[in-house]
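Here the structure comes first, spelled out in structure tokens, and everything after it is commentary.
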Amino acid sequence: MLALRSLLAVLTVGLLASLTPACASETDDGSTSEDDYTRKKGKLQLVVTVDWEGRDLREDNLLAMQELHARFPQVKVVHFLNAGYYTKQGARPADVTARIQRAIAPGDEKALHIHGWKRLFEASGVAFRASPTFWGTSLDPHAGDCLETDCGHEVPISLYTSEELRKVVKLSLDTLEGNGFGRAKSFRCGGWMAKPNVRDAIAAEGLKYEHSAVPTVFLKPKLGTMPVYSWLSDLWQGTTNVSQPYAITTTTTPLTEVPDNGALADYVSTQQMIDTFEANKAAFLADRSKNVVVSVGFHEETAATYLPQLEAALQRMYDEAKAEKIPFESVTSEALSAPASPH
Ligand SMILES: [Zn+2]
């Protein structure tokens, strides 16, 4: 993609030079500087993601997501959808589908998210594992929520073998596709725990983009004392708020790893999102030939609580990009490119 874009840029420059040798014209980012024609055209790419946890589909959260689309129609949301809603006790598929659809706009991406829900794993033919959870605890699979509704959200799916995970990934992809959401190409792991066995499973099941790399510095205030924090610190060591997409090998096809470099709104303030935007904007301005990605997001289950601070950040990003004539564009995974060689 980059090579083709560069070729087009060269052709465009040549054509414009022959037609308008001394005349500045308006460019696609609205500026009128002749110098723009000598620049290669990268973009500052905005990736807005939402993790659907598979817990519930409350009215207030769905309304908050509809309001996000109404306020920012130019934002394409990457929905990491969860098949766990369909395997809940007594779930009515038509109702689940209708609720999820309310939050999805035509340009959005339908992707995949998986947590260690007991009923989802058992529906996939995999024996449930109850420990250790993100918090270092054990669940009792024969009591409480495990019996009455569902449990396992806090069990990292990296506890399972790649073969077991392939069954859950396949059931999830099939369930979402069967209910009209298409076949996902992108994945984010529950609790960002996409260890190599998880990545092998999703690659083997045809997924192309993996969005779990996260700067753990953002998670420290809320999770710093929990086992999941040290697991993630090891897993995503070196990931920062300016980390960019890279190729990552698996036992089958390589994946494009897309760092969740601005983390999710439950863990970061509006100002921290702005700081992430500023850091990536600076990287973009240092070399405008390359796309630079800034990723921010939230959870469906806490959208009503945390979307206001994400929306405040988005407004400031768009205002600043407009004022400074930065080519800033909301994209989905297919617009992202990774370097050809593995990271
Ligand atoms: Zn999640």
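The values are calculated or read from the model by the stated rules, or taken from the named source; none is laboratory data. Just so it is clear, the model here is predicted, and its values are computed rather than measured. Methodologically, a virtual Cβ is constructed for each residue, glycine included, from the backbone with ideal geometry; neighbour enumeration extends over all protein chains shown.
A few remarks follow.
- Taking region 226-328 as the region of interest, the strands (runs of 3 or more DSSP E) fully inside it that hold 3 or more residues being out of contact with any His (no Cβ under 6 Å at 6 or more places or on another chain) are 255-257, 292-299.
- Gly144 more than 16 Å from the ligand (Cβ to nearest atom), of a type in the set (Gly, Ala, Ser) and under 21 Å from the mean Cα position of the chain (by Cα): no
- Filtering Gln272, Gln309, Gln237 for residues that are surrounded by fewer than 17 Cβ atoms within 10 Å (Cβ to Cβ) and either farther than 26 Å from Lys41 by Cβ or of a type in the set (S, T, N, Q) (or both) leaves a single hit, Gln237.
- Criterion (among the hydroxyl-bearing types (Ser, Thr, Tyr), at pLDDT 95 or above and within 30 Å of Arg288 (Cα to Cα)) met by exactly one of Thr38, Thr49: Thr49
- Inclusion of Trp236 among residues that are within 16 Å of the ligand (Cβ to nearest atom) and over 22 Å from Trp117 (Cβ atoms) is warranted.
- Residue check, Val96 among the β-branched types (Val, Ile, Thr) and either more than 23 Å from Glu300 (Cα to Cα) or loosely packed, with under 14 Cβ neighbours inside 10 Å (or both): no
- Restricting region 147-171 to residues that are of a type in the set (Val, Ile, Thr) and either at pLDDT below 95 or under 17 Å from Ala203 (Cβ atoms) (or both), the residue that is farthest from the ligand (Cβ to nearest atom): Thr161
- Verdict on Pro196 being under 30 Å from Ala338 (Cβ atoms) and surrounded by fewer than 21 Cβ atoms within 10 Å (Cβ to Cβ): yes
- Some residue of region 131-141 being assigned to a helix (DSSP H, G or I) and either within 16 Å of the ligand (Cβ to nearest atom) or not small (Gly, Ala, Ser) (or both): no
- Across region 172-201, the qualifying residues are those that are under 11 Å from Ile157 (Cα atoms) and not in a helix (DSSP H, G or I), and the one among them that is farthest from the ligand (Cβ to nearest atom) is Lys195.
- Candidates Gly116, Gly84, filtered to the one that is of a type outside the set (D, E, K, R) and either outside any helix (DSSP H, G or I) or surrounded by fewer than 21 Cβ atoms within 10 Å (Cβ to Cβ) (or both): Gly116
- Qualifying position, being on the phi > 0 side of the Ramachandran plot and either in contact with a helix residue (DSSP H, G or I) (Cβ under 9 Å, 6 or more places away or on another chain) or modelled with pLDDT under 50 (or both), among Gly14, Gly54: Gly54
- Qualifying residues in region 105-120 (those that are in contact with a Leu (Cβ under 9 Å, 6 or more places away or on another chain) and in contact (Cβ under 8 Å) with a residue 40 or more places away in the chain) - the one nearest to the ligand (Cβ to nearest atom): His113
- Residue within region 145-167 that is of a type outside the set (Lys, Arg), farther than 16 Å from Gly54 by Cα and part of a loop (DSSP other than H, G, I, E, B) present: yes
- Against the test of being under 18 Å from Ala304 (Cβ atoms), surrounded by fewer than 23 Cβ atoms within 10 Å (Cβ to Cβ), more than 16 Å from the ligand (Cβ to nearest atom) and of a type outside the set (A, V, I, L, M, F, W, C), the options Glu53, Glu59 yield a single qualifying residue, Glu59.
- Count of region 170-199 residues which are among the aromatic types (Phe, Trp, Tyr) and either farther than 20 Å from Thr49 by Cα or free of Cβ contacts under 8 Å to residues at least 12 places away in the same chain (or both): 0
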